[in-house]
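> Sharing a structure here in C-alpha cells format.
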Amino acid sequence: MYYVEFALFIFVWALPAGKTVVISDQALKLEFVPDWIAIDGSGYICLEFSDVYTGEVTFIDAHDQLMPGFDPEICKLTKRVLINPRKIDYHTGVFASKITPAKDGKPVIIELIDAMTKELKETLEVDAALIATGRAPFRFGKYQCGDSTWFCSC
C-alpha cells in the first residue's frame, strides 16, 4: 500500500519507478497512455490531469462532492464543461484505502472504503492511478526509514 491518510497528516510513500501508481510529479512522464486511470482527489489539479488522459477517468474523493471547498457555481460549470461530455466517473465519500500497483499483466487494484463507516465499499481495477490529494509545504521534510523514503506534510 502506498497511500495512507491520517487525520491531519498525509503520507505519500516513495513510489517504485512510477510505472502505474504515480503522483502529480510523475503523471506526465508515464511510459504509456492508460485506457482507464483513477485519480485520487478531485481538486483543480486533478481536473486538469483528467483532461490530459483521453481514456476513461474515475475520480475518488473522501468528500461528499467533487471540488470540495470551491464555489458551487464553478463546480456546476466544471461538471458541465469538463466532466459530463467525457467518460468520467466519480466516487465521493470514499477513501482509497489500499492501492496495489499493476504487476505481471494484472491491473492496478484500488480498494475503496466508506469515509464514514470505514467499511469496504468497492474495488476498482484500472490501468493506472494518480495520487493527487493535495499539496502543502514540506514542514517536516523527507524521512528515511530502512529502505523506504517518505514525505510528511501537514
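> If we scan segment 43-60, do we find a residue that is of a type outside the set (D, E, K, R), in contact with a Cys (Cβ under 7 Å, 6 or more places away or on another chain), in contact (Cβ under 8 Å) with a residue 24 or more places away in the chain and in a strand (DSSP E or B)? Don't jump to the end; show me each part of the working.
To start, the set of residues in segment 43-60 that are of a type outside the set (D, E, K, R) comprises 43-47, 49-50, 52-55, 57-60.
Then keep just the ones that are in contact with a Cys (Cβ under 7 Å, 6 or more places away or on another chain); that gives 59.
With the extra rule that they be in contact (Cβ under 8 Å) with a residue 24 or more places away in the chain, the set shrinks to 59.
Next cut, in a strand (DSSP E or B) only: 59.
Taking every residue of segment 43-60 in turn, at least one turns out to be of a type outside the set (D, E, K, R), in contact with a Cys (Cβ under 7 Å, 6 or more places away or on another chain), in contact (Cβ under 8 Å) with a residue 24 or more places away in the chain and in a strand (DSSP E or B).
> I'd like the full set of residues that are among the basic types (Lys, Arg) and under 17 Å from Tyr53 (Cβ atoms), limited to segment 71-105.
Just the residues of segment 71-105 that are among the basic types (Lys, Arg), to begin with: 76, 79-80, 86-87, 98, 103.
Arg86, Lys87, listed by residue number.
> Which members of segment 111-126 meet the condition of being assigned to a loop (DSSP other than H, G, I, E, B) and not acidic (Asp, Glu)?
Restricting attention to segment 111-126, the residues satisfying the condition of being assigned to a loop (DSSP other than H, G, I, E, B) are 115-119.
Result: Ala115, Met116, Thr117, Lys118.
> When you go through Ala96, Ala27 one by one, which is the residue that is small (Gly, Ala, Ser) and in contact with an Asp or Glu (Cβ under 9 Å, 6 or more places away or on another chain)?
Values: Ala27 fails: in contact with an Asp or Glu (Cβ under 9 Å, 6 or more places away or on another chain).
Exactly one of Ala96, Ala27 is small (Gly, Ala, Ser) and in contact with an Asp or Glu (Cβ under 9 Å, 6 or more places away or on another chain), namely Ala96.
> Further question on the same structure: Which pairs have Cβ atoms under 6 Å, sit 6 or more apart or on different chains, and link a residue in segment 76-102 that is at positive phi to one that is of a type in the set (A, V, I, L, M)?
Once the first residue is at positive phi and sits in segment 76-102, its partners that are of a type in the set (A, V, I, L, M) give Gly93/Ala115.
> Of all residues in segment 44-59, count the ones that are crowded, with 19+ Cβ neighbours inside 10 Å and closer than 16 Å to Cys75 by Cα.
Of the residues in that region, 4 qualify.
Laboratory data are not the source of any read-out in this text; all were calculated from the coordinates shown. It should be emphasised that the depicted structure is a prediction, and the values quoted were computed from it without experimental measurement. Note: ideal-geometry Cβ built from the backbone for every residue, glycine included; neighbour counts use all protein chains shown.
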